[in-house]
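The values are calculated or read from the model by the stated rules, or taken from the named source; none is laboratory data. Treat the numbers as computed from the prediction; the structure is a model and nothing was measured. Note that each Cβ is placed from the backbone with ideal geometry, even for glycine, and that neighbours are counted across all protein chains shown. For accessibility, only protein heavy atoms count, side chains too; no ligands or nucleic acids. Shrake-Rupley method; radii C 1.70, N 1.55, O 1.52, S 1.80 Å.
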Amino acid sequence: MNPNVFSAYALISRFKSLGVSHAVVSPGSRSTPLAYVANDLLETHVVIDERDAGFLALGISEATAMPCLVITTSGSAPTHLFPSITESFYSNIPLIVLTADRPHEVRGRGAPQTIDQINLYGTHVRYFADALCPHDESSQEYWQSFADEMFSASTGQNSPAGPVHLNIGMREPL
């Protein structure tokens, strides 16, 4: 199995086991493994515009009282989620943001739309992590531990509920 898809299954299947049932996807090539798995495991809504996707996910989270996944590709796409992330933060609404990114070794060079996605949302998320690339021998337990930490932080088990962000570098083939 493709390491990107394996990692996406480990992560998203754990979210599902914790009670997450919805994902909103703004598709792009780098996030294909995440979108593929979300579509297989969760009720998935595809929204081309990332700003709209963020607010749809926020509305689903508020209506269900459970975090909704919102998935974007790399580059400038994740920046369009910032308005819904700030709403989530200040309204204490759970939201789980998964952003695909370029592999660590090529960040900051090459493609014109690349941006630094590390701590992109600053202090407006309850949790942030930059995961290893799936090709870096990361195990199922590695990805499931992210899901556990993110779910706990998003639902306010140790602090107010709100948005969380996991940035995942993915190498080709996607």
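Couple of notes before you dig in:
- Within the stretch 37-84, the residues that satisfy the criterion of being part of a helix (DSSP H, G or I) and among the hydroxyl-bearing types (Ser, Thr, Tyr) are Ser61, Thr64, Thr79, Ser84.
- Taking first residues from the stretch 37-57 that are within 20 Å of Ser88 (Cα to Cα) and partners that are hydroxyl-bearing (Ser, Thr, Tyr) and crowded, with 16+ Cβ neighbours inside 10 Å, the Cβ contacts under 6 Å between residues at least 6 apart in sequence or on separate chains come to Val47/Ser26; Glu50/Ser26; Glu50/Thr72; Ala53/Ser26; Gly54/Ser84; Phe55/Ser84.
- Among the numbered conditions (1) in contact with a strand residue (DSSP E or B) (Cβ under 9 Å, 6 or more places away or on another chain); (2) crowded, with 18+ Cβ neighbours inside 10 Å; (3) within 25 Å of Asp148 (Cβ to Cβ), the only one that Tyr9 does not meet is (1).
- The condition (being open to solvent by 10 Å² or more (accessible area, probe 1.4 Å) and without any contact (Cβ under 8 Å) to a residue 24 or more places away in the chain) is satisfied by just one residue among Ser159, Ser138, Ser145: Ser145.
- Residue list for the stretch 1-35, filter: without any contact (Cβ under 8 Å) to a residue 40 or more places away in the chain and not in a helix (DSSP H, G or I): Met1
- Long-range neighbours under 7 Å by Cβ, at least six apart or interchain, first residue modelled with pLDDT of 95 or more within the stretch 112-132, second part of a strand (DSSP E or B) and small (Gly, Ala, Ser): none
- Residue count for the stretch 29-56, restricted to those that are small (Gly, Ala, Ser), under 18 Å from Gln117 (Cβ atoms) and at pLDDT 95 or above: 4
- Criterion (over 14 Å from Leu166 (Cβ atoms) and not small (Gly, Ala, Ser)) met by exactly one of Ile96, Ile12, Ile115, Ile71: Ile115
- A single entry from Asp116, Asp148 fulfils the requirement of being charged (D, E, K, R) and outside any loop (DSSP other than H, G, I, E, B): Asp148.
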